[in-house]
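A short worksheet on the structure shown next.
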Amino acid sequence: QVQLVESGGGLVQPGGSLRLSCAASGSIFSFNDMSWYRQAPGKQRELVALITTGGTTNYADSVKGRFTISRDNAKNTVYLQMNSLNPEDTAVYYCTARKIVTAYWGQGTQVTVAS
């Protein structure tokens, strides 16, 4: 059973930074790709960033230039560095891992951007 555990969320002021971590229970090499999604109150869940096994990345337009997804294969961990945060980034952030057609989800971590 794959387990993904997110950490690093919290309250931050506008313009601030946070780094989210997603620790997988097994080797992340076994996944085709890993992603971060987010869901704000009253909104649909949306893809924020994705990274493939080969290291290719993709970002939502709303976070390009501000967020960076990366992976540490030795630690079986994926990160999301978030800079220049604004209140519109407030959401629960979820880590996902895809293995062929199966997607695994973490429980989410709350990010709140407010003064």
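Summary table below
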read-out	value
Reachable lysines, given that their alpha-carbon falls under 27 Å from the alpha-carbon of K75 and they are not under 8 places away in the same chain	K64, K99
Cα lying deepest toward the dipole's positive end in the chain, options N86, L18, S70, charges on Cβ	S70
Efficiency of FRET from Cβ geometry, D72 and Q107, R₀ 22 Å, rounded to 0.05	0.60
Nearby aspartates and glutamates by direct alpha-carbon distance to K43 (threshold 20 angstrom, same-chain neighbours under 8 apart not counted)	D61, E88, D89
Inter-part distance where the range 18-68 and the range 74-101 are each reduced to a Cα centre, Å	4
Per-selection metrics, the range 3-90 (Cα): Rg and Dmax in Å	13.0, 37
Amide H contacts of N32 (H built 1.01 Å from N, under 5 Å, at least 5 apart or other chain)	R98, K99, I100
Å² per residue, accessible surface of the chain at 1.4 Å	53
Sulfur and carbon atoms: percent of accessible area, the chain [1.4 Å]	48
Computed magnitude of the charge dipole of the chain (debye, nearest 20; Cβ of K, R +1, Cβ of D, E -1)	140
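The values are calculated or read from the model by the stated rules, or taken from the named source; none is laboratory data. Worth saying up front: this structure is predicted, and the values here are computed from it rather than measured. Cβ: placed from backbone, ideal geometry, glycine included. Neighbour counts: every protein chain shown. Each accessible area value is taken on the protein alone, full model and side chains, heavy atoms only, with ligands, DNA and RNA left out. Shrake-Rupley method; radii C 1.70, N 1.55, O 1.52, S 1.80 Å.
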